[in-house]
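Visitor: Structure incoming, see below.
The values are calculated or read from the model by the stated rules, or taken from the named source; none is laboratory data. Quantities reported herein were computed from a predicted structural model and do not represent experimental measurements. Reconstructed Cβ throughout: ideal geometry from the backbone, glycine too, with neighbour counts over all protein chains shown.
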Amino acid sequence: MDKKLITSVKKGYKDLYKTDPLCVFSPGRINIIGEHTDYNNGYVLPAAIDKGIVLAIGKSDSNHSTITSIDMNDQMVLNFEELERIDANNWKNYIIGVIAEIFKKGKVVPNFNCVFAGNIPVGSGLSSSAALENSLAFGCNELFNLGFSKKELIYISQSAEHNYVGVNCGIMDQFASMFGEKDKALFLDCKYIKTETIPVNLNDYEIILINSNVKHALAESEYNNRYAVCQKIVNLLNKPSLREVSYEDLSSVRDKITESEYKKGLYILQENERVIDCKEALKNNDLLRVGELLFQSHEGQSKMYDISCKELDFLVNVAKQSDSVIGARMMGGGFGGCTINVVLKNESEHFKNEVSEAYKLELDNECSIYSVVLSEGTQLIK
Ligand code: GLA
């Protein structure tokens, strides 16, 4: 955890409210494999990371609540009588959403003051939004003894995203951010919310993330559009979700959907298989197989599910051509953000230079490179 970040959030709170707050850390996440499978009741393999949101929260005697984002240099005053979504992209919708969803569960949240900041690059696909939702839901639950389980809290966070942010996301991000474990990935069956923790021993390799530093404007509407395509197929087949759909089922409706919709359905079926394969490969320490699956996954995301972009394709191609990289793919919702790469440790510096130069030359833009440490999920900071 970033001590400086914790100190600055605590100080921010104390300067404003002169009392000691309760402090929560909620991490972002990576995803090794299993993209867009979560809202199809499929499998994913994410892990929480050491970057996230620090949120300080305390009770307030006034008739409203104030929430301060240090990073945005912005403050909101929240009146619980008026929990309406704000138009357009606004961090305040995450706050409004979480509080409104807690109220919908019949619990009363008294007024509070809160200050937060983070070290997850926004728009990088590392789920700063789930980290923010979870930190607030967890903080309110602790401060006011609301009695929610961690599992209930992640559904509150997810509903906030559905109903107040407007993204029909699955449960992966909130789950990984809440339940992450040190040095482990979480194999999650999104149909039953059943997990298996998978130790990640990378031996001579390491995971590095390369941020394309682009976030295409279409990302959210395209995300919802993919959700709609999957729903269309499921409805035609009269099945609860794509999890219950076989390759034969999908073929049986091929003439009722477009070729592009067919490919999207097929991608989900194949990606679910890759997640299971990847979990086994990790358990068997077969990193070359893990890498192969990552490259295949990217191919599907780019050519079938159509959620990549030229920047992400370029980064994965550079990785593919490098002898130091055994696997890479775009990560998260798509249309920008990061790629995840499995790279030989003692050659990673060389690869980082190579990829940065190539990116600059080809796309006239800087990429950012991060190492990640797999870490514990949402927790109180003592
Ligand atoms: C976003 C969503 C997740 C998941 C990924 C894609 O991060 O929030 O629920 O669907 O995209 O795998």
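Visitor: Being modelled with pLDDT of 95 or more and within 11 Å of Thr378 (Cβ to Cβ): is that true of Phe148 here?
Guide: no
Visitor: Which of (1) at pLDDT 95 or above; (2) touching a helix residue (DSSP H, G or I) at 6+ places or on another chain (Cβ under 7 Å); (3) exposed (fewer than 14 other Cβ atoms within 10 Å of the Cβ) does Lys104 not meet, given it meets every other one?
Guide: Going through (1) at pLDDT 95 or above; (2) touching a helix residue (DSSP H, G or I) at 6+ places or on another chain (Cβ under 7 Å); (3) exposed (fewer than 14 other Cβ atoms within 10 Å of the Cβ) one by one, Lys104 breaks only (2).
Visitor: Quick one: Phe175 ticks every box in (1) modelled with pLDDT of 95 or more; (2) within 13 Å of the ligand (Cβ to nearest atom); (3) in a loop (DSSP other than H, G, I, E, B) except a single one, so which number is it?
Guide: Of (1) modelled with pLDDT of 95 or more; (2) within 13 Å of the ligand (Cβ to nearest atom); (3) in a loop (DSSP other than H, G, I, E, B), only one is false for Phe175: (3).
Listed here are the residues, each with its yes/no results for (1) more than 15 Å from the ligand (Cβ to nearest atom); (2) part of a helix (DSSP H, G or I); (3) under 15 Å from the mean Cα position of the chain (by Cα).
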{"residue": "Ile154", "(1), (2), (3)": "no, yes, yes"}
{"residue": "Ser157", "(1), (2), (3)": "no, yes, yes"}
{"residue": "Tyr164", "(1), (2), (3)": "no, yes, no"}
{"residue": "Glu206", "(1), (2), (3)": "yes, no, no"}
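Matching residues to (1) farther than 29 Å from Gly334 by Cβ; (2) in contact with a Leu (Cβ under 9 Å, 6 or more places away or on another chain); (3) in a helix (DSSP H, G or I); (4) touching a residue at least 12 places away in the same chain (Cβ under 8 Å):
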{"residue": "Tyr13", "(1), (2), (3), (4)": "yes, no, yes, yes"}
{"residue": "Ser26", "(1), (2), (3), (4)": "no, yes, no, yes"}
{"residue": "Val54", "(1), (2), (3), (4)": "no, yes, no, yes"}
{"residue": "Asn63", "(1), (2), (3), (4)": "yes, no, no, yes"}
{"residue": "Met72", "(1), (2), (3), (4)": "no, no, no, yes"}
{"residue": "Met76", "(1), (2), (3), (4)": "yes, no, no, yes"}
{"residue": "Asp87", "(1), (2), (3), (4)": "no, no, no, no"}
{"residue": "Ile102", "(1), (2), (3), (4)": "yes, yes, yes, yes"}
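Visitor: While we're on this one: Just to be sure before I move on: is Glu311 within 16 Å of the ligand (Cβ to nearest atom), of a type in the set (Asp, Glu) and within 24 Å of the chain's Cα centre (by Cα) in the structure I sent?
Guide: Criteria not met by Glu311.
Visitor: Okay, next question. For segment 334-352, give me each residue that is polar (S, T, N, Q) and farther than 12 Å from Ala319 by Cα.
Guide: Asn346
Visitor: Does Lys191 satisfy being touching a residue at least 24 places away in the same chain (Cβ under 8 Å), part of a loop (DSSP other than H, G, I, E, B), in contact with a Ser or Thr (Cβ under 8 Å, 6 or more places away or on another chain) and over 23 Å from Val373 (Cα atoms)?
Guide: Considered against the rule, which asks whether it is touching a residue at least 24 places away in the same chain (Cβ under 8 Å), part of a loop (DSSP other than H, G, I, E, B), in contact with a Ser or Thr (Cβ under 8 Å, 6 or more places away or on another chain) and over 23 Å from Val373 (Cα atoms), Lys191 comes out as yes.
Visitor: Something else about it: Can you confirm whether segment 210-221 contains a residue that is of a type in the set (D, E, K, R) and outside any helix (DSSP H, G or I)?
Guide: Within segment 210-221, one or more residues are of a type in the set (D, E, K, R) and outside any helix (DSSP H, G or I).
Visitor: Just one of the numbered conditions (1) of a type in the set (A, V, I, L, M); (2) within 11 Å of the ligand (Cβ to nearest atom); (3) surrounded by fewer than 24 Cβ atoms within 10 Å (Cβ to Cβ); (4) over 20 Å from Arg85 (Cβ atoms) is not true of Leu126; which one?
Guide: All conditions are met except number (3).
Visitor: Of the numbered conditions (1) farther than 30 Å from Glu354 by Cα; (2) polar (S, T, N, Q); (3) within 16 Å of the ligand (Cβ to nearest atom), Asn238 satisfies every one except a single condition; which is it?
Guide: Condition (3) is where Asn238 drops out.
Visitor: Exactly one of these conditions fails for Asn119: (1) under 16 Å from Lys51 (Cβ atoms); (2) surrounded by fewer than 24 Cβ atoms within 10 Å (Cβ to Cβ); (3) without any contact (Cβ under 8 Å) to a residue 60 or more places away in the chain. Give me its number.
Guide: Of the numbered conditions (1) under 16 Å from Lys51 (Cβ atoms); (2) surrounded by fewer than 24 Cβ atoms within 10 Å (Cβ to Cβ); (3) without any contact (Cβ under 8 Å) to a residue 60 or more places away in the chain, the odd one out for Asn119 is (3).
Visitor: Now for a separate question. Just need a number here: residues in segment 238-260 that are closer than 22 Å to Cys190 by Cα, among the charged types (D, E, K, R) and part of a helix (DSSP H, G or I).
Guide: 3
Visitor: Mind listing just one residue for me: the one in segment 288-308 that is touching a residue at least 40 places away in the same chain (Cβ under 8 Å) and small (Gly, Ala, Ser) and, of those, nearest to the ligand (Cβ to nearest atom)?
Guide: Ser297
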